[in-house]
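Colleague: One structure, as structure tokens, below. Some questions next.
The values are calculated or read from the model by the stated rules, or taken from the named source; none is laboratory data. Nothing here was measured: the structure is a model prediction, and the numbers come from that model. Surface areas here come from the heavy atoms of the whole protein model, side chains and all, with no ligands, DNA or RNA. Shrake-Rupley method; radii C 1.70, N 1.55, O 1.52, S 1.80 Å.
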Amino acid sequence: MRTYNRTDSVNVLFLMLMYLLLSGCQSMASDDPRSIWFRMPSGTELVLNRTLTIPAHRAHVMLQHGMASNAASEFDVACRFEVRDLGPRVIQPDTFTITGYSGQEEWENYPHTKRYYKIIRLQSNHQPGIMPMICEYFDYPIRGRPVTLSQIQEALGEYFSFIFP
């Protein structure tokens, strides 16, 4: 019959501690587009399904609830599709390569309002001057959450669709 001594207890405690530390290093990344930890797979493309018109003296169009306009509500997720030069300009249907996808949050009016946003970096072989698309909303810090891909898809509506590898 084996007896346990103090060294055995220390070894077990050490192993449990190492297990907890190593499990804390696991990534929170998710394949679920509704998750705030969704990671955009490398090689993802964003397809513009319909033409977008950028009005004169502007360099962007806002997309919210599947509609394009010059402005959007700050408290619902809206995406700003932007070009380098002022319009008028018509953006033709195209497939954009997503070269970067990152999320951030920042204080807009401390301590009352935070800005939550995702930056989607786009590249087109046919249409130069496409700037990163920013999808954002403002909320109270206690209620606000990072923007999810599902919220972005709802904002873009039928104008854009994602193609995952």
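Colleague: Quick one: compute the contact order of the range 89-165, relative version, from alpha carbon pairs under 8 angstrom and 6+ residues apart, as a percent.
Modeller: Value for the range 89-165: 26 percent.
Colleague: Inverting the mean 1/r over all pairs of different Cα atoms, compute the Kirkwood radius of the range 56-165 and quote it in Å.
Modeller: Roughly 14.6 Å, rounded to one decimal.
Colleague: To the nearest 10 square angstrom, how much accessible area does Glu154 have with a 1.4 angstrom probe?
Modeller: Rounded to the nearest 10, the figure is 90 Å².
Colleague: Would you calculate the convex hull of the Cα atoms in the range 89-141 and tell me its volume per residue in Å³? Could you put the intermediate results ahead of the total?
Modeller: Working: hull volume 5.0 nm³, N = 53.
Enclosed volume per residue, from the Cα hull, is 94 Å³.
Colleague: Carbon-plus-sulfur fraction of the accessible area of the range 56-165, 1.4 Å probe, in percent?
Modeller: Solvent-exposed carbon and sulfur of the range 56-165 make up 50 percent of the total.
Colleague: Let me ask something else about it. In whole Å, how far is the Cα centre of the range 135-150 from that of the range 89-134?
Modeller: 15
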